[in-house]
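First comes the structure, then the notes that go with it.
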Ligand code: CMC
């Protein structure tokens with residue numbers, strides 16, 4: 001028996017139950033023993049959006065929304081954003097510790113070695129319509145990679161998992177950049193293994209006829225920081241999908257495609273794209289109050305504001321604001337930033353936002369930075385997906401190896417009609433009932 005327990009009295013029957021509390025949680029299955037009149041299937045907990053339900057134990061990411069804390073494997077995200085690279089953070093998320101210099105070198109070399117795509121994937125991308133959304137291309141092609149790597153099905157072999165993790169982290173930027181170049185009809189630019197992860201991505205996005213692409217170091221670093229800030233966020237919508245698909249023992253390429261599909265939604269990774277569209281729609285600083293009024297009336301949501309977990313401020317948004325200054329010092333000030341700053345100022349002083357505890361989230365400024373670097377808005381959720389890939393993979397692997405996990409299969413509270421029958425069958429049943437007397 002655990003040291004801490006909860007006593008529940010069922011007022012329907014007057015019976016009392018004692019359930020253990022472990023790590024601040026009761027087990028929902030312990031409620032099954034609570035039945036009315038000793039029959040039925042036992043009490044369920046009803047939580048349609050997992051507002052207060054832990055679906056796993058996890059040692060990867062810690063969030064305290066009230067105190068605006070975000071830590072990967074115990075390290076504050078602010079520290080990682082300032083002092084480490086995205087690939088080091090990816091290593092940390094997957095392995096649990098920061099790499100030593102040798103591990104770091106091997107990890108970076110291995111990922112660099114896997115950046116190329118099978119040429120048939122290029123043909124697949126060619127088949128998409130010219131105006132296909134790059135996130136749709138990413139979802140389709142990352143799923144298609146599972147057919148190129150049937151060994152990915154060996155999910156319980158450590159060496160296979162390691163290989164697929166390397167492949168996925170390495171190939172996501174290549175898929176993303178190829179998808180972007182397809183949209184503008186440019187030939188695909190192959191990875192340059194001399195460059196950093198972020199630098200190579202900029203190369204694959206924008207290399208034209210020059211022999212060697214040289215990324216701007218400020219933009220390269222800004223992109224790396226943004227990837228770090230997106231690398232994991234515990235049990236968010238897409239990670240929950242990654243774990244759920246993984247729990248059915250699907251290969252990690254298929255699970256990543258499913259997670260990326262969840263991220264595509266405008267309430268999740270699609271929000272940064274919506275922020276830019278919203279700022280464009282507002283158009284000028286003097287139209288900000290009118291827009292906020294429409295939000296207050298319930299007509300619109302302010303994209304890039306609010307978070308399920310952070311109720312004071314999103315720590316990532318604060319770091320991003322600083323990165324935005326660095327980037328705009330290189331690219332030139334954006335009128336959209338002025339609108340965003342005014343929107344933030346007006347919203348934070350407004351009763352509606354104060355009452356609902358709505359603050360800028362990670363997506364509010366990230367879109368402005370991406371736009372300043374030169375990414376088209378359609379690429380914003382794709383950039384989020386590249387950053388989130390190590391987190392998805394760390395969570396997938398943790399779920400797979402957790403002896404307490406099984407195939408994810410929630411319960412439901414049935415609210416439909418009781419048993420009934422089609423007309424002909426009803427008459428026959430009634431007849432049978434009569435003759436039976
Ligand atoms: N603008 C206006 N009102 C809002 C907003 C917003 N952005 N967000 C929440 N509210 C209101 C909402 O109308 C509701 O009001 P009421 O209680 O009066 O009906 C209340 O605040 C609670 O909203 P909710 O939808 O129940 O909150 P949630 O925790 O389910 O939603 C959210 C969180 C992020 C989906 C939501 O805040 C939202 O839609 N924000 C805009 C989209 C966005 O920026 N998403 C990116 C999230 S950060 C990146 C990520 O993790 O994916």
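The numbers here are math on the coordinates, done by the rules we state, and not lab data. Since we're looking at a predicted model, the values are computed, not measured. Here the Cβ is made from the backbone with ideal geometry for all residues, glycine too, and neighbour counts use every protein chain on show.
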Quiz item: Once fully extended, how much extra length lies between residue 301 and residue 428, figured as 0.36 nm per residue of separation less the alpha-carbon to alpha-carbon distance?
Solution: 40.2 nm
Exercise. Using Cα centres only, tell me the gap between the stretch 183-232 and the stretch 7-85 in whole Å.
Key: 41
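Can you tell me how much longer the chain between residue 159 and residue 22 gets when fully stretched, taken as 0.36 nm per residue apart minus their C-alpha distance, in nm with one decimal?
On the way: separation 137, 0.36 × 137 = 49.32 nm, distance 3.34 nm.
Between residue 159 and residue 22, full extension yields 46.0 nm more.
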Quiz item: Against the longest alpha carbon principal axis of the chain, how many degrees, from 0 to 90 and to the nearest 10, is the axis of helix 134-148 turned?
Solution: 80
Quiz item: What FRET efficiency, computed as 1/(1 + (r/R0)^6) with R0 = 56 Å and r the Cβ-Cβ distance, is obtained for residue 45 and residue 193, rounded to the nearest 0.05?
Solution: 0.65
Quiz prompt | Label-point separation in nm, residue 3 to residue 103, each point 7 Å along Cα→Cβ | solution = 3.1
Exercise. Please give the calculated 222 nm ellipticity per residue for the chain, where each DSSP H segment of at least 4 residues contributes -39500 (n - 2.57) and the sum is spread over every residue; nearest 500 deg cm²/dmol?
Key: -16500 deg cm²/dmol
Exercise. Please give, to one decimal in nm, the separation of the simple spin-label points placed at residue 409 and residue 249, each 7 Å out from Cα toward the Cβ.
Key: 1.4
Quiz item: Between residue 313 and residue 346, what FRET efficiency comes out of the Förster formula 1/(1 + (r/R0)^6) with R0 = 22 Å and r the beta carbon distance, rounded to 0.05?
Solution: 0.85
Quiz prompt | Approximate spin-label separation residue 328-residue 15, in nm, with each point projected 7 Å along Cα-to-Cβ | solution = 6.3
Quiz item: Relative to the first principal axis of the alpha-carbon coordinates of the chain, what is the inclination of helix 237-247, with its axis defined by its Cα atoms, in degrees from 0 to 90 and to the nearest 10?
Solution: 70
Quiz item: Taking the mean number of other Cβ atoms within 10 Å as a proxy for protection, how do you rank 323-329, 188-194 from highest to lowest?
Solution: 323-329, 188-194
Quiz item: So if we plug the beta-carbon distance of residue 401 and residue 75 into 1/(1 + (r/R0)^6) with R0 = 25 Å, what FRET efficiency do we get, rounded to 0.05?
Solution: 0.70
Quiz item: To the nearest whole percent, what portion of all C-alpha pairs in the stretch 67-412 is separated by more than 28 angstrom?
Solution: 41
Self-check item: Nearest-ten-degree value, helix 271-282 long axis tilted from longest Cα axis of the chain
Solution: 70
Exercise. Order these peptides, 117-124, 86-93, by their mean beta-carbon neighbour count within 10 angstrom, highest first.
Key: 86-93, 117-124
Quiz prompt | Paramagnetic label zone (point 7 Å from Cα along Cα-to-C-beta, residue 147; backbone N under 20 Å) in the stretch 376-395 | solution = none
